[in-house]
Amino acid sequence: MTPDEDMPDLFDTGRSAGEVLTVSFDSWEGPLDLLLNLARSQKVDLREISITELVEQYLAFIKGARDMKLELAADYLVMAAWLAYLKSALLLPKAQQEDPSPEEMAMRLHLRLQRLSAMRDCGARLLARDRLGRDVFPRGAPEGLTVNRISLWQAGLYDLIAAYGQVKARNRPVTHVVARRPVMTLEEALARVGQLVGQRLDWVRLESFLPDGVSGALGRSALASSFVAMLELAKQGRVEIQQEAIFAPIFLRSAAVAEDALS
Amino acid sequence: MNTIEHEVQDNIISVAPDDDIRGLEAALFASTEPLTIAQMRQMLGDAVDVGAGLARLQQDYAGRGINLVERGGRWHFETAPDMAHLLRRDREESRKLSRAGMETLAIIAYHEPVSRAEIEAIRGVQVGKGTLDVLMEAGWVRPAGRREVPGRPLIYATTPEFLTHFGLSSRRDLPGMEDLRAAGLLEPVDLAMEGLMQQTDTESSLENGEGDG
Amino acid sequence: MNTIEHEVQDNIISVAPDDDIRGLEAALFASTEPLTIAQMRQMLGDAVDVGAGLARLQQDYAGRGINLVERGGRWHFETAPDMAHLLRRDREESRKLSRAGMETLAIIAYHEPVSRAEIEAIRGVQVGKGTLDVLMEAGWVRPAGRREVPGRPLIYATTPEFLTHFGLSSRRDLPGMEDLRAAGLLEPVDLAMEGLMQQTDTESSLENGEGDG
């Protein structure tokens, strides 16, 4: 298989513009590809190729395509503009050349075409090799190499008796003992605060209603429950609450005491 | 096509294989299934003497690591039987027995001989077939006959390897219920956990013992 | 194991394969994947000279319908290339690689590791996502890390399967590799330009459109 196989040779077969263009731009992978095909149509070694002739061919081709009102991809037009510039620069006297010189630009194009051409040839040679599964074949039904995994089970005597203990414990008739959790319920707090507040005459800090010696989780629970109990009692009109500022100590006293004080 | 390449081998004059032989060889090698003589003839053309080719190949491969064999009129290459040990290697892997395996083994050890239904009754959980298989594969448990009750269920017992592995001289060495209780091994897991939690709770409240006054 | 037999055989001109050779042969034959020397050594034991065994087998099979080949350090048996006409399967041809795929594969193989931008620089056109996907799906190309330049682009390289599929012992066997390297066709245009400019500086003039080899 040659790389050109599925591509019409545009400039050899009795070409008519129509024929050429109906197959046109789908056949090329971009302008560089088109240029390379044009270069190959010169039928000379790529090293001997005339860049000016190549430029003319490309511009003629693009012009033909535009005359046919084909939509040209932008990169073809960019390449056309660049080549037109290159051509004019090549025609100018050398003295007026700017940097980079048109010769350098032409050489660059040349090198790119060489590289693309080389890779295209390499790809074709690669695909033409004796390929596994197409030309040469591996064994059709290999037995396969198998690795037998043998499990060496590990278990210790402690694990064994611990497991037995757990089985026995799990299934022995159990009497459920609900562990007492360190909380003070709202009911307890209500009773406690309600009772204690009546015994005091003046404003008292909320914390002083907590049972003696509570701390940790129980202390926090008691404080929270007492706080809620206090709000509930206030709602019922049984206590009054006072706090100077946010996070300041909260004081409460019995509403009955307050009434007495007023009367 | 091949030059007549003679070579002395085991006192037999061995001729390099011609293209018919080579084609037959390649076809048998590449085929995904054993080939009949008719199939080989179809592949190679009628001009080829398939029978003679097969005989020749069989002889060529006789002493090698690969042999050409016929099974029920179909031919294929296979590895020489005495090389099987290389192709199926054993690899030993240490694995930890699962919790279900451990419990089942323990029940068998304490109650043997015991049927699967009895194990389940003691465990309170079903015992998968795989669990008993693993214990038997490990060599610790064996079927020990059937219980003479309706359904005649299989009963299981431990093996001498079981005693060896766990360092026991006899099953009587297994700790009794009192020993287990004393070691705290009879406490259900969740209760034991709760005990632990309470313990840490008091510990932590002791640590940041500053009360809220 | 068969030392006695082996000694006797050494006196014969052509030696029948010993069990080491036969084991190697069987392993290569049975494996579904090409084997590395390390894998074979692991299989056969350190006492076996795998390298010598492979050389011996390669020689034994040289003229046969099956050959032992090395592809990127991995060894396998495959049918002889000249038997393709007997074995070729038509359906494989239908999945022909596109021209873009073919060029991209060649660029990766001859330049690896190579980024997408570098592929695009050579092809003068963007590389569609599908093109690289097809090559990766075929198992011939893989991402091979990132290039430590701004943007850290992914770079691509060929796989061991690429070498296996295209019958290459190593990347050095890529067709025309040495010529391309010698001609400087594997270096980027910029680098080649630099070289050329220096050269033309000394030559003082540059003819339009003349490259050099």
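Okay, here's what the table says:
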{"read-out": "Residue within the stretch C:145-158 that is facing chain A (nearest Cβ under 10 Å) and hydroxyl-bearing (Ser, Thr, Tyr) present", "value": "no"}
{"read-out": "Condition broken by residue B:175, with the remaining ones in (1) part of a helix (DSSP H, G or I); (2) within 17 Å of residue A:156 (Cα to Cα); (3) modelled with pLDDT under 90 satisfied", "value": "(1)"}
{"read-out": "Filtered residues of the stretch A:58-79 (kept if away from chain C (no Cβ under 11 Å) and closer than 13 Å to residue A:109 by Cβ)", "value": "A:58"}
{"read-out": "Check on residue B:168, in a loop (DSSP other than H, G, I, E, B), out of contact with any Ser or Thr (no Cβ under 7 Å at 6 or more places or on another chain), closer than 18 Å to residue B:100 by Cα and modelled with pLDDT of 50 or more", "value": "no"}
{"read-out": "Residues that are more than 17 Å from the chain's Cα centre (by Cα) and surrounded by 19 or more Cβ atoms within 10 Å (Cβ to Cβ), drawn from the stretch C:156-185", "value": "C:185"}
{"read-out": "Yes/no for residue C:135 being within 22 Å of residue A:124 (Cβ to Cβ), within 12 Å of chain A (Cβ to nearest Cβ) and either charged (D, E, K, R) or free of Cβ contacts under 8 Å to residues at least 60 places away in the same chain (or both)", "value": "yes"}
{"read-out": "Single residue of C:69, C:50 found to be at pLDDT 90 or above, more than 15 Å from residue B:66 (Cβ to Cβ) and touching a His at 6+ places or on another chain (Cβ under 7 Å)", "value": "C:69"}
{"read-out": "Single residue of the stretch A:196-210 satisfying the filter (of a type in the set (D, E, K, R) and outside any loop (DSSP other than H, G, I, E, B)) that is surrounded by the fewest Cβ atoms within 10 Å (Cβ to Cβ)", "value": "A:205"}
{"read-out": "Residue within the stretch A:127-150 that is of a type in the set (Gly, Ala, Ser), over 40 Å from the mean Cα position of the chain (by Cα), outside any helix (DSSP H, G or I) and at the interface with another protein chain (Cβ under 7 Å from one of its Cβ atoms) present", "value": "yes"}
{"read-out": "Residue B:94 being farther than 24 Å from residue C:25 by Cα and either more than 37 Å from the chain's Cα centre (by Cα) or at pLDDT below 95 (or both)", "value": "yes"}
{"read-out": "Residue check for residue A:95: crowded, with 18+ Cβ neighbours inside 10 Å, in a helix (DSSP H, G or I) and either more than 7 Å from every other protein chain (Cβ to nearest Cβ) or modelled with pLDDT of 85 or more (or both)", "value": "no"}
{"read-out": "Residue list for the stretch A:135-158, restricted to those being modelled with pLDDT of 85 or more and among the charged types (D, E, K, R)", "value": "A:135, A:139"}
{"read-out": "Long-range neighbours under 8 Å by Cβ, at least six apart or interchain, first residue under 30 Å from residue B:177 (Cβ atoms) within the stretch A:137-164, second crowded, with 16+ Cβ neighbours inside 10 Å and among the hydroxyl-bearing types (Ser, Thr, Tyr)", "value": "A:164/B:110"}
{"read-out": "Residues located in the stretch A:211-259, provided they are part of a helix (DSSP H, G or I), out of contact with any Asp or Glu (no Cβ under 9 Å at 6 or more places or on another chain), over 12 Å from residue A:184 (Cβ atoms) and not charged (D, E, K, R)", "value": "A:230, A:231, A:233, A:256"}
{"read-out": "Identity of the residue in the stretch A:43-57, among the β-branched types (Val, Ile, Thr) and assigned to a helix (DSSP H, G or I), that ends up nearest to the other protein chains (Cβ to nearest Cβ)", "value": "A:51"}
{"read-out": "Hits in the stretch B:16-60 (condition: within 37 Å of the chain's Cα centre (by Cα), free of Cβ contacts under 8 Å to residues at least 12 places away in the same chain and either at the interface with another protein chain (Cβ under 10 Å from one of its Cβ atoms) or surrounded by 19 or more Cβ atoms within 10 Å (Cβ to Cβ) (or both))", "value": "B:26, B:30, B:32"}
{"read-out": "Selected residue (only one of A:191, A:162, A:124 is surrounded by 12 or more Cβ atoms within 10 Å (Cβ to Cβ), small (Gly, Ala, Ser), outside any loop (DSSP other than H, G, I, E, B) and at the interface with chain B (Cβ under 7 Å from one of its Cβ atoms))", "value": "A:162"}
{"read-out": "Options A:73, A:17, A:81; residue that is out of contact with any Cys (no Cβ under 9 Å at 6 or more places or on another chain), at pLDDT 80 or above, surrounded by fewer than 15 Cβ atoms within 10 Å (Cβ to Cβ) and not acidic (Asp, Glu)", "value": "A:81"}
{"read-out": "Condition check for residue B:132: within 20 Å of the chain's Cα centre (by Cα), over 30 Å from residue A:142 (Cα atoms) and of a type in the set (A, V, I, L, M)", "value": "yes"}
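The values are calculated or read from the model by the stated rules, or taken from the named source; none is laboratory data. Every value quoted in this text rests on a predicted model; they were computed, and no experiment measured them. Virtual Cβ from ideal backbone geometry, glycine too; neighbours counted across all protein chains shown.
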